[in-house]
1. So in the range 116-131, with the set limited to residues that are over 17 Å from Pro67 (Cα atoms) and buried (at least 19 other Cβ atoms within 10 Å of the Cβ), which one is nearest to the chain's Cα centre (by Cα)?
2. Does at least one position in the range 81-90 carry a residue that is of a type outside the set (Val, Ile, Thr), part of a helix (DSSP H, G or I) and within 18 Å of Ser41 (Cβ to Cβ)?
3. Are any residues in the range 56-70 small (Gly, Ala, Ser) and in contact with a strand residue (DSSP E or B) (Cβ under 8 Å, 6 or more places away or on another chain), and if so, which ones?
4. Yes or no: Arg48 charged (D, E, K, R), at pLDDT 90 or above and either assigned to a helix (DSSP H, G or I) or within 23 Å of Ile104 (Cα to Cα) (or both)?
5. Tell me yes or no: at least one residue of the range 133-151 is assigned to a loop (DSSP other than H, G, I, E, B), under 26 Å from Arg74 (Cα atoms) and modelled with pLDDT under 95.
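The values are calculated or read from the model by the stated rules, or taken from the named source; none is laboratory data. Because the structure is predicted, anything quoted here is derived from the model rather than measured. Positions of Cβ are generated from backbone atoms using ideal geometry, with glycine treated the same way; all protein chains shown enter the neighbour counts.
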Amino acid sequence: MNLERNARLKVVLIDTRNPLNIGAAARAMSNFGFFELRLVSPYDVAFREAVSAVGAADVVKSAAVYPDVASAVRDCSLVVGATGLGHRQMQHPLHRLEKAGRLIRRHLESANAALLFGSEKFGLSNSDVAHCHWLAHIPTRPDHDSMNLAQAVAVCLYELIRHPSAARRLPEPAEAATGEEVQRFTQLLEDLLQVSGYTDYDLAKNGSDKTHRLVRRLHLRARDASVWTGMLRQILWKIRNP
């Protein structure tokens, strides 16, 4: 996570009515490594005590309050408004969040940017949008494109920090069980089948070979083989010592 780059992003909430939404937005910011919260005319000054800011009290405590959007974005050379499509006729370039994220990340490499979110009830006003260079849109279902404010903040910030290449990277291979560990487990399983009276095992042709093949198709990991062996050993002991 590039904290120096993240520090250049200013999350601006405009006319937020519910202190809990401010707290939840701050929590999302802290989750993803963004810490500068700016508020324009928040409805309730009690937001600093919002219980929804779990683990993000410092973000809320240090949040700056501004009287208008112009003063909140005065040090930002890129201002992006997060908006639903609604029925508004857009006068600004509009980018899906995937593209918007790439553009914002590139800008943050060298300069400050602001990401604007409107009120819960009305979203960004035309006056708010007038301060934006372009708009970002989360591709929600057209019939229900209005998102909870804090959820919208979280989705946008996740897009800013995610790395598609990391998702394509294969995890480290788990340590496979050795032949000896697999054989020990297989032998216990065979003993258990015989002691339990599992008739198919005795009647089936090459029953032991089938058991060996079955176990090997499991591709047991070393840790799992040890746990399963312990379980079978305990079950076998209980059967033999009722």
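1. Here the answer is Glu120.
2. Initially, the range 81-90 is screened for residues of a type outside the set (Val, Ile, Thr), giving 81-82, 84-90.
Still in the list and also part of a helix (DSSP H, G or I): none.
Within the range 81-90, none of the residues are of a type outside the set (Val, Ile, Thr), part of a helix (DSSP H, G or I) and within 18 Å of Ser41 (Cβ to Cβ).
3. Ser62, Ala63, Ala64
4. On the way: charged (D, E, K, R): yes; at pLDDT 90 or above: no; either assigned to a helix (DSSP H, G or I) or within 23 Å of Ile104 (Cα to Cα) (or both): yes.
Spelling it out, it is not the case that Arg48 is charged (D, E, K, R), at pLDDT 90 or above and either assigned to a helix (DSSP H, G or I) or within 23 Å of Ile104 (Cα to Cα) (or both).
5. yes
Here is a yes/no grid of residues against (1) at pLDDT below 95; (2) aliphatic (A, V, I, L, M); (3) outside any strand (DSSP E or B):
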{"position": "Met1", "(1), (2), (3)": "yes, yes, yes"}
{"position": "Val12", "(1), (2), (3)": "no, yes, no"}
{"position": "Arg17", "(1), (2), (3)": "yes, no, yes"}
{"position": "Asn21", "(1), (2), (3)": "yes, no, yes"}
{"position": "Ala26", "(1), (2), (3)": "yes, yes, yes"}
{"position": "Arg38", "(1), (2), (3)": "no, no, no"}
{"position": "Pro42", "(1), (2), (3)": "yes, no, yes"}
